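What follows is a short report on a single structure.
The values are calculated or read from the model by the stated rules, or taken from the named source; none is laboratory data. A quick note: this is a predicted structure, and the numbers were derived from the prediction, not measured. Backbone-built Cβ (ideal geometry, glycine too); neighbour counts: all protein chains shown.
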Amino acid sequence: MKKIILDLAVSLDGFIEGPNGEIDWCIMDDDMDFDGFLENIDTILYGRVSYDSWGNYHPGEDAGEEEILFWKKIHAKKKVVFSHHQREDQNAVFTDDIEKTVHEIKQQAGKDIWLYGGAGLIRTCIKLNLIDMYRISVHPVALGNGKPLFEELKERLYLKLIKSNVFRSGVVQLIYEPSYQNDGK
């Protein structure tokens with residue numbers, strides 16, 4: 001079965017974006033092997049606001065070949081946008097039924113699924129226990145405020161660390177699977 005993977009950057013103090021939605025603090029090092037991650041997914045899940053910001057993003061004319069290729073790989077994936085505002089979009093499927101849609105996609109043949117975000121979609125997926133893997137890249141910056149990753153949790157979320165990676169930039173990637181009970185391990 002396909003896995004839902006939440007892969008995102010977080011500041012040292014737990015924010016996924018700054019107070020004005022900024023993500024200029026995120027570091028992309030070549031030793032992070034983001035291309036390897038992209039090769040193992042075939043679908044990206046977006047909330048509407050994140051999709052409107054990034055789902056069809058194209059780098060400017062001054063962008064390097066590497067950045068252009070990066071976005072081309074992202075845009076080659078199937079995109080599903082969760083929104084109460086339905087619309088026709090040739091690059092994505094819009095739906096408002098998160099739980100049903102995610103279960104249907106997970107049953108399909110293919111590669112894993114990247115839960116891109118935004119914050120509301122991530123919150124809902126956590127609440128519905130839809131996330132199979134958390135790939136959290138902690139960046140060496142404290143923002144002071146912004147949008148927190150784990151917001152409005154109704155109960156504790158137990159995770160089991162399965163791997164960690166340290167990159168040249170000082171980013172530490174923590175890879176967790178859900179642990180549905182605190183078994184002390």
Notebook entry, point to check: Of (1) of a type outside the set (S, T, N, Q); (2) touching a helix residue (DSSP H, G or I) at 6+ places or on another chain (Cβ under 8 Å); (3) surrounded by fewer than 16 Cβ atoms within 10 Å (Cβ to Cβ); (4) closer than 20 Å to His139 by Cα, Asp13 satisfies all except one. Which?
Noted result: (2)
Next item on the list: Mind listing whichever residues of segment 90-125 are aromatic (Phe, Trp, Tyr) and either within 16 Å of the chain's Cα centre (by Cα) or at positive phi (or both)?
Entry: Trp114, Tyr116
Next item on the list: Scan (1) surrounded by fewer than 17 Cβ atoms within 10 Å (Cβ to Cβ); (2) aliphatic (A, V, I, L, M); (3) closer than 25 Å to Glu22 by Cα for the single condition Leu143 breaks and write down its number.
Entry: (1)
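Say whether the condition of being out of contact with any Leu (no Cβ under 9 Å at 6 or more places or on another chain) and closer than 19 Å to Phe34 by Cβ is met by at least one residue in segment 95-105. First the steps, then the outcome.
Taking segment 95-105 as the starting set, the residues that turn out to be out of contact with any Leu (no Cβ under 9 Å at 6 or more places or on another chain) are 95-97, 100, 104.
Pick out the ones that are also closer than 19 Å to Phe34 by Cβ and you get none.
Within segment 95-105 (the criterion being out of contact with any Leu (no Cβ under 9 Å at 6 or more places or on another chain) and closer than 19 Å to Phe34 by Cβ), the answer is no, since none of the residues qualifies.
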Next item on the list: Can you confirm whether segment 90-97 contains a residue that is surrounded by fewer than 15 Cβ atoms within 10 Å (Cβ to Cβ) and modelled with pLDDT of 95 or more?
Entry: no
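Would you pick out the residues in segment 126-137 that are within 14 Å of Leu159 (Cβ to Cβ) and within 13 Å of the chain's Cα centre (by Cα)? Lay out the reasoning, then the answer.
Within segment 126-137, the first condition is being within 14 Å of Leu159 (Cβ to Cβ), and the residues that meet it are 126, 129, 131-136.
Listed by number, the residues that qualify are Ile126, Ile131, Asp132, Met133, Tyr134, Arg135, Ile136.
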Margin query: Within segment 27-58, take every residue that is over 28 Å from Val166 (Cα atoms) and of a type outside the set (Ser, Thr, Tyr) and give me the one that is surrounded by the fewest Cβ atoms within 10 Å (Cβ to Cβ).
Written below: His58
Margin query: List the strands (runs of 3 or more DSSP E) inside segment 67-144, counting only whole elements, that have at least 3 residues being in contact (Cβ under 8 Å) with a residue 40 or more places away in the chain.
Written below: 112-117, 133-139
